[in-house]
Amino acid sequence: MSAITILVDADACPVKDEIYKVAWRHEVAVKVVSNSRLRVPEHPLIERVVVSDGFDAADDWIAEAAHARSIVVTADILLADRALKAGATVLAPTGKPFTAASIGPAIATRAIMADLRAGMGDGMGGPPPFSKADRSAFLQALDTALVRLKRG
């Protein structure tokens, strides 16, 4: 049986420090995947993975590494879909889980929003600011997912 691993889509991830703390507590490996060198703690459980700056290179690496005993942390809906298909547990940085039931509507909404932005330009605004409540929800969701994977 493969070890539990947390795979982080790190370039724009606002909860990296929280991931490290939970991983250390659970003694679970973390792979921080990005297109450029990011600062990560010097710790045997933390591995920095720098991929090429090619389009979707980090997503491709994460999707290939994802498996049934991995947790993927990403806000990227298309990467979430690929990771789910690989059997991974997938969490957004807000703590919201991506599931087989929720990913289809999320992809459809993403496509609609892309069309709206194309027609209206950048005047639509973006997602709401990341909040303390989001950070707290993420910590709880990650802890719960790790406990569930450990129990098998």
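What follows draws every value from the coordinates through simple rules; no lab data is involved. Given the structure is predicted, the values throughout are model-derived calculations rather than measurements. So basically every Cβ, Gly included, is an ideal-geometry build from the backbone, and we count neighbours across all protein chains shown.
General observations
- A simple count of charges around Val40, restricted to other residues whose Cβ falls under 11 Å of its Cβ and scoring Lys, Arg +1 and Asp, Glu -1, yields +2.
- Charge tally in the Cβ shell below 11 Å around Lys31, where Lys, Arg are +1 and Asp, Glu are -1, Lys31 excluded: -1
- The residues neighbouring Pro93, those whose beta-carbon lies less than 14 Å from its own, together hold a net charge of -2 under the Lys/Arg +1, Asp/Glu -1 convention.
- Spatially proximal aspartates and glutamates relative to Lys96 (Cα-Cα < 16 Å; intrachain offsets below 8 disregarded): Asp9, Glu18, Asp76, Asp81, Asp134, Asp143
- Under 16 Å from Lys21, Cα to Cα: lysines that are on another chain or at least 8 residues apart: Lys31
- Packing here is the average count of other Cβ atoms within 10 Å per residue, and on that basis the peptides 4-11, 84-91, 52-59, 21-28, highest first, run 4-11, 84-91, 21-28, 52-59.
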